[in-house]
Amino acid sequence: DKFAKPLTDLLLATLNLRSAHSANPEALKIIYSSLELMCKVFNSLNSQDLPEFFEDNMKTWMPAFHELLVSDVPALKTDGDDESGVLEMLRSQICDNITLYAQKYDEEFGPFMQQFVTAVWELLVNTGQQPKFDALVTNALQFLSTVAGRQQYRNLFEDPQVLASICEKVIVPNMDFRGELLMSMSFKY
């Protein structure tokens, strides 16, 4: 009760800092690392039950999550293939958060579902095969798997063109399993 509002205020203030420091890559790293930590705290506060404050403020958090998933921040792109950058870690955490909501709070999360399915799908299509994207791809695929498994959202995946596109653009390109990816994945049936 005492932490949710200050966390939400901090989220909004930190989001506003992005434009003020858009030309400073070091400041952006700190800002996006802070956003990732806020997303982890959000997940922790929502993991047992949906607090009333977060239910009442989904129109603040979900658009912020969506914006962070779809925004391109060239200054945060990393050169190496192996180590995840702050942007990949933030997006991975957001996928983890929306998976939690899709699993546990699908009624409240329903109005946001279509936009997140589209955003995550596009994110996967545009994500490379480098090891630095493994956690992001794993969490994004977990989200799509969770949504596809829900009866009320099957209509999002029933069109044969959608299924063919998912297979062609998302699943097949991500089937190149490396040993380290297999170690990091946990398959849930």
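For the pair Ala20 and Ser44, label points projected 7 Å from Cα toward Cβ lie 2.6 nm apart. Each label was represented as a point 7 Å from its Cα along the Cα-to-Cβ direction; for Asp9 and Ser33 these points are 2.5 nm apart.
A straight Cα-to-Cα reach below 12 Å connects Lys40 with the aspartates and glutamates Asp96, residues fewer than 8 places away in its own chain not being considered.
Under 26 Å of direct C-alpha separation, and excluding same-chain neighbours fewer than eight residues apart, Lys169 reaches these lysines: Lys77, Lys132, Lys188. Heavy atoms of the protein chains alone define the surface here; on that basis region 1-108 has 53 Å² accessible area per residue at 1.4 Å probe size. Using the empirical formula 2.2 N^0.38 Å as the baseline, the Cα radius of gyration of region 39-98 reaches a ratio of 1.30. Dividing the helix sum by the residues of the chain, where each DSSP H run of 4 or more adds -39500 (n - 2.57), gives a mean residue ellipticity at 222 nm of -21000 deg cm²/dmol.
The fraction of accessible area contributed by carbon and sulfur in the chain is 53 percent, rounded to a whole number (1.4 Å probe; ligands and nucleic acids excluded). Distance between the modelled labels on Asp79 and Gln115, one decimal in nanometres: 3.7 nm (7 Å Cα→Cβ projection). Taking Cβ atoms as reference points and 11 Å as the exclusive limit, the residues near Phe109 contribute a net charge of -2, counting Lys and Arg as +1 and Asp and Glu as -1.
The values are calculated or read from the model by the stated rules, or taken from the named source; none is laboratory data. Just so it is clear, the structure is predicted and the values come from calculations on it, not from any experiment. Neighbour counts are summed over all protein chains in view; Cβ atoms, including those assigned to glycine, are modelled from backbone coordinates with ideal geometry. SASA here: full protein model, heavy atoms, side chains in, ligands and nucleic acids out. Shrake-Rupley method; radii C 1.70, N 1.55, O 1.52, S 1.80 Å.
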